[in-house]
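The values are calculated or read from the model by the stated rules, or taken from the named source; none is laboratory data. This structure is a prediction, so every number in the text was calculated from the model and none was measured. A quick note on method: Cβ atoms are made from the backbone with ideal geometry, for glycine too, and the neighbour counts reach across all protein chains shown.
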Amino acid sequence: MALIHDVMPAFELFQPVTVADTLALLDKYKKSAWVLAGGMDTFDWLKDRNKRPEIVVDISGVKEIRGVQATSDGGIEIGAGTILSEVVQHPLVKDKYPILTQAAEVVASPQIRAQGTLGGNVSQDTRCWYYRGGWACYRAGGNICYADTPSAINREHAIFDADRCVAVNPSDTAPALIALDAKMVIRSVEGERMVDAEKFFIGPALDITRMTVLQPGELLTAIRIPATWAGASFYFEKVRERQVWDFPIVNVAAVFVVSDGKIERSRIAVNAVAAHPMRLTSVEAAIAGKPRNEETAKLGGERAIQGAKPLAHNEYKIPLMRNLVKRAIRGQTA
Amino acid sequence: MNYKLIGKNYQSPDITAKVTGKSRYAEDYRADGMLFAKLLLSPMPHARVRSIDASEALKMPGVHAILTADEVPLVAPPVRGNAAAEEEGPDSKGARGVPIKPEPALTNEPVFYGQPILAVAAEDEVTAADAIERIKVDFEPLPFCVDPLQSLRPGGPNARLEGNVYYSTLAKTLKWTEEDWKEVEAGRLPMREAPDTWKVGDVDAAFKEAAVIIDETVASQATSHQCMEPRSSMAYWQNGKLFMHASAQSTAHVGQSIGNWAKVDRKNVVLLGDYVGGGFGGKNPETHMHTAIPALLAKKTGRPVMLRITREEDNFIGRSRAGMVMRVRMGFRKDGRMIALDMFVVQANGPFARAGDYGTCAVVASANYTPVNMRFRGTAVLTNTPPHGPQRGPGGAQSTVMFEPLLCQAARKLGIDEVEIRKINAPTTGMAFGVPEKDGERSHFTSAFPREALERGAEKFNWAERKKRNGHMRGTKVSGVGVSLANFTAGTIGFDGMIVLTPEGKLNIYSGVGNIGTLSVYDTARVAAEMLDMPWDKCEVIWGDTSKHLPWSSRQGGSQTIHGTSRANYAAAADAKQKLQEIAAKDLGGSPDDYAIGNQRVFRKGNPGSGMSYAQAAQRAIALGGRFDGHEVAQDLNVVTKESAKAIAGTGLMGVAKDNYGRKGNTQSFVASFAEVEVDVETGEYKILDYLCVADCGTVVNPRGLEGQLHGGAIQGIGHTRSQKWVYDQEYGIPLARRFHYNRPPSILDIPEKMDWDAVNLPDSQTPIGAKGIAEAAVGAGAGAVRCALAAAIGDDYVRRTPVGIDMILASVEAKQRVDRGLTFNV
């Protein structure tokens, strides 16, 4: 644990204005470079001195990765550097994918949304208070999970896929992007690769020190949402302790295409229950072809929590996740 | 009374600066050559410093000085606590106790995680921080305990080497028996002997006659004060005087304490603090030990020094409300009268002086229900957690939020309406309450109108109709309405007022009260203006800077200002009036009694055009000198007032006097409150649809200010019920929730959608204008009403501790039985 908090230490700062320059810097400094966009995840890491990068690459001046535009296939592309409040207000998003508008609108607080970016919201590190408090846990390179000891307070931690680490992914926009089958555009000096949103997020079993597939030298530049689910039926809900400036205890995002009163196809994702947002394919399969009613909702909710394992303080998250999935399928809160 | 100013809304003199951002907190000041200090905090909950090696840090360019524990004095705090404890408690077996050393500014034996060990002053904050990182401190870990029950457990650890439990002012070791501990494991406290105890009547006999008995163990959490302004301070020395920009609740009372810690005479301390970002009891005079750090570093370096306190640091040294767990047994007659109240409280005390909350918890219960027979037993257990201190309604808010749901439960069992049962047990003026003195006598209420407040509230809230919604489901949402009664102490006496009528015809009102946002520094000034019939735009309030010569006003705390300082200003105005009449008689003949005042003149009764103006009288006062312009003052004034009067003597006609009006009994305010909630049983989230409170706070002096206090206090209380808390990992003794976010004070979207208020506005006959303080009872009111509404929605049995989070509601609804965290503290 660092002795000093709330005082940012010195580091070398680069402020490139093009993607090309950014990638060159990230390539040059690889692991020692830290990408800074809105700073909402970064600043407390730096100020509390629990992470001490030597090089900070501030991409807030890179205009190429800001803004929302329509794509030729009828979808949209959102620059990773787009400020969340711009995402919230953008008519294209609101028109085609109001589920993303909703998700972005419940992130943190108005001040944070005016500063934080969409790319940052999906790339952010976990909020586990042990890990972020500077405890030398597995995720921080140590050999213990402090959030899973007999005395640990873990009411906001994982009920799925714990593997040494029980932290959760706190993003509100991530499940919406998974539900929309978004593609993450990742660039490096080597070129560009595209990753399904669903595969962008990783759990501790794959790499305990990272939350996404992003490697040193890589930059998330854009998020493409295909036309596939435009105009579908959407559901988003976030449950939190406080109605502003709080991370989700659980959130759910779902899209449905219903025809003849039956669910033709759907994609459902939840977050804050594991180290990565979870797409619930078994629920999607179970409800396919069924009417969108209470009975199907109940079935989906029960299916969603199969395999959930509570910690000492978070058993309540299991009924919460079940109920949220149920509500998503039912299509209304009450 | 037909007042011109009292009871009327007005714009306070500080509002323009606040709205335009010109008002400054301590941290906003700069001085030439100013250095910045940074603290090294304890990384352990209890340890001993074996050695400090600062050589690397001191070699750094820009580093000026280090200050360690050896260089700061120990200043004993005043003794607090209401419990009538015996020196030798029942479990001490005659063992001698050890006094706990007072809280220092810096220490070599840290007793909580985050306690300041040393400070470094450097050219800028980054250099100071980097220097701290190069200091090597060798800590020897010591046993610790952050949960009082774990400390009482057989074989449990002690938080202090001196002991684990307070017996009066001494610490001793107390461990419960295995049998007692079995009770704890079953979710109950043992009703055993305790160090602090008092009783009225015979509870054991009374229980035998009870028709209904409630027996529950309930808990209320610790919360940090979370003032908008952390306790930053900046100090410099000039000509032997210490100039201190600090965030202090009070002004006149603080010089002495800052002086003690900075090792300088009170007379050489200038406190500058005209705008303070909240106090809530956390910035009382005895809590300013950390101002010694910039003061002594400034002395050492010969440069001004700024110590900025961060939000996280403020969570460590910024005071907090004491958490407690209580077993309570209440016996009721069939008609709803509480005939027996037996309470057993364990308080997490923190590591230093005894916090009075658990004792006050009993007094407030006694005042709320006036039980015929009552017994209090309490244990203050030392813990390795940040120091507790009064937090707005200390002990009272906890009392309300823990007791009031149980009263609702009793009402339901008895088949009596929840408002009625409160009216049946609530006090009236003159009734006795609280701790018996040695002769068995108890204090009584100077005035008490809780029944009127409950009645008016019930009518305004449409209680009888709305109550029918309890348990009603709308989709996944269930409704609940709650009522609560809260009370708290509401005023002190015996302070000084000082005002000057100037030759320009202005009225200067000097006030040693602090400006923490309650407006009472101005509200009380308006009492003097009212008495002298002065238009408000010709009045100037002088506050917030001890170099401006302020009188010994009441402290700004304990809801005492509107009572204590309005009385003092009333006395000062009476003194000024007497002098006006005397001057008129001297110059114009007749006796002083022949003259009246009004319209800024002193005139012969019946002839308002005669006499002289206040301005002329002020000129005469200066010419006459002596007692007329403050060169001579009454001997019973406080020394601080005497010094200030001397400094401004000769500037006009001075009214200066001590409040000698006296009173019989204790002043207590009441708030009846009502809330409606809607709980979503699928998510555990709940909305507070509506909140109404009705205050019995005597005469209303400033309606808009009163609204601010009633609603602001309610929101603080709602935060207590909903979400605000500490979280500790017991194994390591380290806090996990350290800043705003995880401490979770309520956000603007968590407060009631609709809030309304009213006041019974009946004067307290034992105080000149009849006003009683209100800021503190307002907290319990918010906490209690929402807590009771939740119980009405989801059931009496589901919740027994605060804060009531989503986890508790959802887990209990799912299991159809109470699921919480047992009696563990800080989870």
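Do the conditions hold for B:F316, that is, is it buried (at least 22 other Cβ atoms within 10 Å of the Cβ), farther than 30 Å from B:I416 by Cα, among the aromatic types (F, W, Y) and touching a Pro at 6+ places or on another chain (Cβ under 9 Å)? Spelling it out, B:F316 is indeed buried (at least 22 other Cβ atoms within 10 Å of the Cβ), farther than 30 Å from B:I416 by Cα, among the aromatic types (F, W, Y) and touching a Pro at 6+ places or on another chain (Cβ under 9 Å). Among the residues of the range A:212-250, those that are in contact with a helix residue (DSSP H, G or I) (Cβ under 8 Å, 6 or more places away or on another chain), under 21 Å from A:I287 (Cα atoms) and not in a strand (DSSP E or B) comprise A:W229, A:A230, A:G231. Just to be sure before I move on: is B:N569 among the polar types (S, T, N, Q) and part of a helix (DSSP H, G or I) in the structure I sent? Answer is yes for this residue. Quick one: in the range B:707-736, which of the residues that are free of Cβ contacts under 8 Å to residues at least 60 places away in the same chain and either at the interface with another protein chain (Cβ under 10 Å from one of its Cβ atoms) or among the β-branched types (V, I, T) (or both) is nearest to B:V679 (Cα to Cα)? Only one residue tops the list, namely B:L736. Across the range B:449-472, the number of residues qualifying as within 14 Å of chain A (Cβ to nearest Cβ) and touching a residue at least 24 places away in the same chain (Cβ under 8 Å) comes to 0.
Let's see how each residue does on (1) of a type in the set (D, E); (2) on the phi > 0 side of the Ramachandran plot; (3) at pLDDT 95 or above; (4) part of a strand (DSSP E or B):
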position: B:M534; (1), (2), (3), (4): no, no, yes, no
position: B:L550; (1), (2), (3), (4): no, no, yes, no
position: B:K577; (1), (2), (3), (4): no, no, yes, no
position: B:A596; (1), (2), (3), (4): no, no, yes, yes
position: B:P608; (1), (2), (3), (4): no, no, no, no
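Can you pull out the residues in the range A:81-112 that are of a type outside the set (D, E), under 16 Å from the mean Cα position of the chain (by Cα) and within 14 Å of chain B (Cβ to nearest Cβ)? Scanning the range A:81-112 gives A:V106, A:V107, A:A108, A:I112.
Candidates in the range A:18-48 are the residues that are β-branched (V, I, T) and over 22 Å from A:R113 (Cα atoms); of these, the one that is nearest to the other protein chains (Cβ to nearest Cβ) is A:T22. Taken as a whole, the structure leaves B:T446 outside the set of residues that are surrounded by fewer than 20 Cβ atoms within 10 Å (Cβ to Cβ), on the phi < 0 side of the Ramachandran plot and among the hydroxyl-bearing types (S, T, Y).
Is it true that some residue in the range A:308-324 is more than 14 Å from chain B (Cβ to nearest Cβ), over 20 Å from the mean Cα position of the chain (by Cα) and surrounded by fewer than 24 Cβ atoms within 10 Å (Cβ to Cβ)? Yes, that holds for at least one residue.
One line per residue, one yes/no per condition, for (1) buried (at least 22 other Cβ atoms within 10 Å of the Cβ); (2) modelled with pLDDT under 95; (3) not assigned by TED's automatic domain parsing to the domain that holds B:M234:
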residue: B:L74; (1), (2), (3): no, yes, no
residue: B:A84; (1), (2), (3): no, yes, no
residue: B:G89; (1), (2), (3): yes, yes, no
residue: B:V111; (1), (2), (3): yes, no, no
residue: B:P116; (1), (2), (3): yes, no, no
residue: B:A128; (1), (2), (3): yes, no, no
residue: B:R134; (1), (2), (3): no, no, no
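Do we have any residue at all in the range B:125-140 that's on the phi > 0 side of the Ramachandran plot and either in a loop (DSSP other than H, G, I, E, B) or out of contact with any Pro (no Cβ under 6 Å at 6 or more places or on another chain) (or both)? Looking through the range B:125-140, none of the residues is on the phi > 0 side of the Ramachandran plot and either in a loop (DSSP other than H, G, I, E, B) or out of contact with any Pro (no Cβ under 6 Å at 6 or more places or on another chain) (or both).
What are the pairs with Cβ atoms under 6 angstrom where one residue, in the range B:589-618, is within 22 Å of B:D629 (Cβ to Cβ) and the other, located anywhere, is of a type in the set (K, R) and part of a helix (DSSP H, G or I)? Sequence gap at least six, or different chains. Matching pairs, first to second residue: B:I597/B:K577. Output the residue which, of all residues in the range A:156-180 that are over 18 Å from A:L311 (Cα atoms) and not in a loop (DSSP other than H, G, I, E, B), is nearest to the other protein chains (Cβ to nearest Cβ). Filtering first and then ranking leaves A:P175. Does A:V270 fit the bill of being within 14 Å of chain B (Cβ to nearest Cβ), touching a strand residue (DSSP E or B) at 6+ places or on another chain (Cβ under 8 Å) and part of a strand (DSSP E or B)? Yes. The combined condition, being within 23 Å of the chain's Cα centre (by Cα), crowded, with 22+ Cβ neighbours inside 10 Å, outside any strand (DSSP E or B) and modelled with pLDDT of 95 or more, is not fulfilled by A:A253.
Quick grid of which residues meet (1) part of a loop (DSSP other than H, G, I, E, B); (2) buried (at least 19 other Cβ atoms within 10 Å of the Cβ); (3) out of contact with any helix residue (DSSP H, G or I) (no Cβ under 7 Å at 6 or more places or on another chain):
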residue	(1), (2), (3)
A:S72	yes, no, yes
A:I78	no, yes, no
A:V93	no, yes, no
A:I99	no, yes, no
A:Q102	no, yes, yes
A:Q111	no, no, yes
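Note on the range B:231-309: enclosed strands (runs of 3 or more DSSP E) holding 1 or more residues that are within 24 Å of the chain's Cα centre (by Cα) and at pLDDT 95 or above are B:233-238, B:241-246, B:269-272.
A:T228 meets all of the listed conditions (1) under 19 Å from the mean Cα position of the chain (by Cα); (2) more than 30 Å from B:P752 (Cα to Cα) but one, namely (1). Mind checking which residues of the range A:141-155 are more than 7 Å from chain B (Cβ to nearest Cβ), within 13 Å of A:A167 (Cβ to Cβ) and assigned to a loop (DSSP other than H, G, I, E, B)? Matches in the range A:141-155: A:C145, A:N154.
Of the residues B:D764, B:D756, the single one that is away from every other protein chain (no Cβ under 14 Å), in contact with a Lys or Arg (Cβ under 8 Å, 6 or more places away or on another chain) and either surrounded by fewer than 24 Cβ atoms within 10 Å (Cβ to Cβ) or under 24 Å from B:F461 (Cα atoms) (or both) is B:D756.
A quick yes/no check of all residues on (1) in a strand (DSSP E or B); (2) surrounded by fewer than 24 Cβ atoms within 10 Å (Cβ to Cβ):
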residue: B:S479; (1), (2): yes, yes
residue: B:G491; (1), (2): no, no
residue: B:G497; (1), (2): yes, no
residue: B:I583; (1), (2): no, no
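Against the definition (within 13 Å of chain B (Cβ to nearest Cβ), touching a Leu at 6+ places or on another chain (Cβ under 8 Å) and not small (G, A, S)), how does A:V255 come out, yes or no? Criteria not met by A:V255. Of all the numbered requirements in (1) surrounded by fewer than 24 Cβ atoms within 10 Å (Cβ to Cβ); (2) under 28 Å from B:S669 (Cα atoms); (3) of a type in the set (V, I, T), B:V786 misses one, and that requirement is (1). Among the residues making up the range A:220-243, those that are out of contact with any Pro (no Cβ under 8 Å at 6 or more places or on another chain), aliphatic (A, V, I, L, M) and either under 30 Å from A:L26 (Cβ atoms) or facing chain B (nearest Cβ under 9 Å) (or both) are A:L220, A:A222, A:I223, A:I225. Where strands (runs of 3 or more DSSP E) fall entirely within the range B:1-69, those with at least 3 residues that are closer than 21 Å to B:E123 by Cα and in contact (Cβ under 8 Å) with a residue 40 or more places away in the chain are at B:35-41, B:63-67.
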